[in-house]
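Beneath this line is the structure, given in structure tokens, with notes to follow.
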Amino acid sequence: MRFLALIAFWIFTATALLAEDVVLGMSSDQVSINTNFDGSEILIFGAIKREEPIPSGKPIEVIVTVSGPSEPVTVRRKEKKLGIWVNTDAVEVDEAPSFYAIATSTLLGLSLRDTEDLRHRISIPRAIRSVGAPMNIENAAAFTEALIRIKKATDQYQLVEGAVKVDEQTLFRTAVQLPAALTEGNYKTRIFLTRDGEVISNHETSIYVRKVGLERWLYRLSRDNALLYGLMSLAIAIAAGWGASAVFSIFRR
Amino acid sequence: MQIYLPIAEVSVNAFLLLGLGGLVGVLSGMFGVGGGFLMTPLLFFIGIPPAVAVATEANQIVASSFSGVLAHFKRKTVDLRMGTVLLIGGLIGAGLGVYVFNILKAMGQVDLLVKLCYVLFLGIIGGLMFFESLNAIRNTKKGKPPPRKKHNWIHGLPFKMRFRTSGLYISVIPPVLVGISVGVLAAIMGVGGGFIMVPAMIYLLGMPTKVVVGTSLFQIIFVTAFTTMLHATTNYTVDVMLAVLLLVGGVIGAQVGTRIGVKMKAEQLRILLAIMVLAVCGKLALDLLLQPAELYSLGAAGH
């Protein structure tokens, strides 16, 4: 309750400064990965709070981003050497989110100016940080493009234009699909309100993705007590092998 | 039914894994190979991260080999003495192999080396076995007696030992060397090494095919158990959930496979194994020769 009160207070004080602000709701701020986890859908909805009438001119646009924990990634390129395809060049991308989804109310190019994109790092290429490729590699941009292409193919990166529905310039809602191959962590969720390509307000919160139950127990054991985990794996293997053999010999008789 | 794997961090179909385990288990029981050289590429294909696939596969081989070896113990087709000698070599080799693997990893290109190793060894072994067993089948059809065992240089070495189950009286040097070289390759290629061990035992050591399978399985249990522990404690890449699904299918398959194997003729068994080995070799060779659809690949940084 205190948390909600804090949010309410924050919204109240913030609206004193901003003409239009976000009041956010989510279907869930927690995703539990259990044994039969097969992806998840998060509904993100809310209202735009105003003290004044709706300003005339261009309509308000909403951009929603959800990004997973970032990690450095090595991108390798294959080349034909002596008749066979081998990895030759490699570029290290300093920070790439494990998951990144953008939902917009209209085309991203229309709802966001490049300078604003640069400042808030909203579009997929901007969300990835690559400080620079080694000097000997030409066309380093192709490596980041390849990273995006590969991640998009597995739905790890998504850009869904027009997925945010805005009613009466006040209510908005969208759904973000989280794929089955999800890693643990805090998924930063951002909502941007834009008008004429300028960000007029933004709001940030987190979705907590956690392994639970057996998944959590096994994962912790494998990290905290690797020796025991290894022995347990072997014991299961031996027991299963012996069990199958015993069961089959009963059938033979 | 989808199931989320805690270490691999992907969600896969449980029945697909059971099926894969069963299929590879049958082959394992029939031929005395762990099946790792087939299963590991299959796991890559369904989207398991390579490091997890290699480590978990080792754990699964422990189960299917153990199940298989019990069946062979009942038939008394395990040469424990030969198995132990090979195992001593195998553990030394595995240690050496891990050392070599780390040196190559520091130099880069370890993937390429592993693939080239596969193509080279699978090609040579598969080819040799194929033609040898083809000749053997032709000879039996013509009614010619199989050629008598010749005495070669192997019989001139010191430290002779009697291997009663195999009906051999040879020096321990060749089995130890076979064990070491298989151990090195097993560690580098991430497999149990049965597909190299089986032909080496038949052609280099002259062991009877029926004994070879059980003995190979016996030795593989220990080498893969060692590898599993190594992976679990250093890389944290053994996924026990994945292993359980694979091995439930695998142990049942291994029992079925062993029974099929006993009913078949040695030459037929060998020619089938040869065809399978050549097929995997051909697939890997094509991967290296043809232009891949995606030239770029992603990996965790720091390798």
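The values are calculated or read from the model by the stated rules, or taken from the named source; none is laboratory data. As the structure is a prediction and not an experimental result, all values here were calculated from the model. Cβ placement follows ideal geometry from the backbone for every residue including glycine, while neighbour counts extend to all protein chains displayed.
Conditions tested, residue by residue: (1) over 30 Å from residue A:60 (Cα atoms); (2) assigned to a helix (DSSP H, G or I); (3) under 25 Å from the mean Cα position of the chain (by Cα).
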| residue | (1), (2), (3) |
| --- | --- |
| A:202 | no, no, yes |
| A:214 | yes, yes, yes |
| A:235 | yes, yes, no |
| A:246 | yes, yes, no |
| A:250 | yes, yes, no |
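So which residues in the range A:214-239 are exposed (fewer than 12 other Cβ atoms within 10 Å of the Cβ) and more than 8 Å from chain B (Cβ to nearest Cβ)? So that I can check it myself, show each step before the final result.
Our first condition is that a residue be exposed (fewer than 12 other Cβ atoms within 10 Å of the Cβ); within the range A:214-239, this holds for A:223-224, A:227, A:235.
Within the range A:214-239, A:224, A:235 meet the criteria.
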For the range A:59-123, please list each of the strands (runs of 3 or more DSSP E) lying entirely inside it that holds at least 3 residues being closer than 18 Å to residue A:186 by Cα and within 14 Å of chain B (Cβ to nearest Cβ).
-> A:70-81, A:84-97
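Restricting attention to helices (runs of 4 or more DSSP H) lying wholly within the range B:1-83, give those where 2 or more residues are at pLDDT below 85 and at the interface with another protein chain (Cβ under 9 Å from one of its Cβ atoms).
B:50-74
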Subset tally (residues that are β-branched (Val, Ile, Thr) and farther than 17 Å from residue B:194 by Cβ) for the range B:42-75 | 4
Residues B:218, B:222, B:226: which one is of a type in the set (Phe, Trp, Tyr) and either crowded, with 24+ Cβ neighbours inside 10 Å or in contact with a Phe, Trp or Tyr (Cβ under 7 Å, 6 or more places away or on another chain) (or both)?
-> B:218
Identify, by number, the condition in (1) farther than 18 Å from residue B:237 by Cβ; (2) surrounded by fewer than 17 Cβ atoms within 10 Å (Cβ to Cβ) that residue A:189 doesn't meet.
-> (2)
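To keep it simple, each residue is scored yes or no on (1) under 30 Å from residue A:58 (Cβ atoms); (2) modelled with pLDDT of 85 or more; (3) under 13 Å from the mean Cα position of the chain (by Cα).
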residue	(1), (2), (3)
A:101	yes, yes, yes
A:107	yes, yes, no
A:110	yes, yes, no
A:113	yes, yes, no
A:123	yes, yes, yes
A:126	yes, yes, no
A:131	no, no, no
A:138	no, no, no
A:150	no, yes, no
Just one of the numbered conditions (1) at the interface with chain A (Cβ under 7 Å from one of its Cβ atoms); (2) in a helix (DSSP H, G or I); (3) at pLDDT 85 or above is not true of residue B:255; which one?
-> (3)
Among the numbered conditions (1) in contact with a strand residue (DSSP E or B) (Cβ under 8 Å, 6 or more places away or on another chain); (2) surrounded by 13 or more Cβ atoms within 10 Å (Cβ to Cβ); (3) not small (Gly, Ala, Ser), tell me where residue A:204 comes up short.
-> (2)
Look at the range B:258-268 and say how many of its residues are more than 10 Å from chain A (Cβ to nearest Cβ) and assigned to a helix (DSSP H, G or I).
-> 7
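Yes or no, residue by residue, for (1) loosely packed, with under 15 Cβ neighbours inside 10 Å; (2) of a type in the set (D, E, K, R); (3) within 11 Å of another protein chain (Cβ to nearest Cβ); (4) touching an Asp or Glu at 6+ places or on another chain (Cβ under 7 Å):
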| residue | (1), (2), (3), (4) |
| --- | --- |
| B:237 | no, no, yes, no |
| B:241 | no, no, yes, no |
| B:270 | no, yes, no, no |
| B:274 | no, no, no, no |
| B:282 | yes, no, no, no |
| B:286 | yes, no, yes, no |
| B:289 | yes, no, yes, no |
| B:297 | no, no, yes, no |
Going through (1) more than 13 Å from chain A (Cβ to nearest Cβ); (2) under 18 Å from residue B:279 (Cβ atoms) one by one, residue B:115 fails only at (1)
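Quick grid of which residues meet (1) away from every other protein chain (no Cβ under 12 Å); (2) assigned to a loop (DSSP other than H, G, I, E, B); (3) closer than 30 Å to residue A:53 by Cα:
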site	(1), (2), (3)
A:150	no, no, no
A:159	yes, no, no
A:169	yes, yes, yes
A:181	no, yes, no
Among the candidates A:106, A:88, A:170, which residue alone is polar (S, T, N, Q), closer than 25 Å to residue A:43 by Cα and surrounded by fewer than 16 Cβ atoms within 10 Å (Cβ to Cβ)?
-> A:170
Selection from the range B:98-128 of residues modelled with pLDDT of 80 or more, more than 18 Å from residue B:41 (Cβ to Cβ) and either in contact with a helix residue (DSSP H, G or I) (Cβ under 6 Å, 6 or more places away or on another chain) or outside any helix (DSSP H, G or I) (or both) yields none
Name the pairs whose Cβ atoms lie under 9 Å apart, with the first residue in the range A:240-252 and more than 8 Å from every other protein chain (Cβ to nearest Cβ), the second surrounded by fewer than 21 Cβ atoms within 10 Å (Cβ to Cβ), and 6 or more positions between them or separate chains?
-> A:252/B:259
